[in-house]
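Take a look at the structure below.
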Amino acid sequence: MHAVEIERSGRVIVIRASGELDAYAAPDLETALADSGGEGPLLVDLGPVSFMDSTALGSLVRGVREVRGRDSEVRVVLPLGPARRIFEITALEEAFPVAADVRAGLRELAGS
């Protein structure tokens with residue numbers, strides 16, 4: 001089971017994903033990232049994600065790259081625990097603009 005929701009916090013667009021992000025959920029993540037397109041800074045909250053496979057990770061990488069290509073600032077809140085393992089294996093936690101938590105990410109993006 002998964003959920004991908006889009007909301008706004010001030011001028012920051014927040015995509016909040018939860019549950020298991022796999023090949024079945026990847027299109028929902030892709031749609032949310034595409035729908036966020038260039039309307040302001042973007043925070044992707046993956047904190048509530050319990051599992052993420054390579055298909056969903058690829059969707060995230062492409063989506064973040066596209067948003068950054070439109071000169072929009074992005075922060076990604078990564079999950080703790082087992083779901084974070086895919087980021088450690090691929091070293092993407094070092095490549096993404098990461099925020100420690102949602103509050104920190106919103107604070108960092110408020111000035112962009």
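The values are calculated or read from the model by the stated rules, or taken from the named source; none is laboratory data. It should be emphasised that the depicted structure is a prediction, and the values quoted were computed from it without experimental measurement. With ideal geometry, Cβ positions are generated from the backbone for all residues, glycine too; neighbour counts draw on all protein chains shown.
When GLY40, GLY47 are checked against the criterion of being within 22 Å of GLU93 (Cα to Cα), touching an Asp or Glu at 6+ places or on another chain (Cβ under 9 Å), outside any strand (DSSP E or B) and not hydroxyl-bearing (Ser, Thr, Tyr), GLY47 stands alone in meeting it.
A count restricted to the range 85-100 and to residues that are in a loop (DSSP other than H, G, I, E, B), at negative phi and exposed (fewer than 14 other Cβ atoms within 10 Å of the Cβ) stands at 1.
VAL77 meets all of the listed conditions (1) among the β-branched types (Val, Ile, Thr); (2) at pLDDT 90 or above; (3) more than 10 Å from the chain's Cα centre (by Cα) but one, namely (3).
Residues in the range 7-29 that are crowded, with 19+ Cβ neighbours inside 10 Å and assigned to a helix (DSSP H, G or I): ALA26, LEU29. So is ARG62 within 12 Å of the chain's Cα centre (by Cα), farther than 16 Å from LEU106 by Cβ and touching a residue at least 12 places away in the same chain (Cβ under 8 Å) or not? Yes. Evaluate the following for PRO48: is it surrounded by fewer than 16 Cβ atoms within 10 Å (Cβ to Cβ) and in contact (Cβ under 8 Å) with a residue 12 or more places away in the chain? Here the answer is yes, as PRO48 does meet what is asked.
Restricting the search to the range 53-67, which residues are under 10 Å from LEU33 (Cβ atoms), surrounded by 18 or more Cβ atoms within 10 Å (Cβ to Cβ) and not β-branched (Val, Ile, Thr)? Once the filter is applied, which keeps residues that are under 10 Å from LEU33 (Cβ atoms), surrounded by 18 or more Cβ atoms within 10 Å (Cβ to Cβ) and not β-branched (Val, Ile, Thr), the range 53-67 yields SER59, LEU60, GLY63. For first residues located in the range 1-20 and in contact (Cβ under 8 Å) with a residue 24 or more places away in the chain, partners that are part of a strand (DSSP E or B) and acidic (Asp, Glu) and lie 6+ apart or on another chain with Cβ distances below 6 Å form the pairs HIS2/GLU20; VAL14/GLU7; ARG16/GLU5; ARG16/ASP45.
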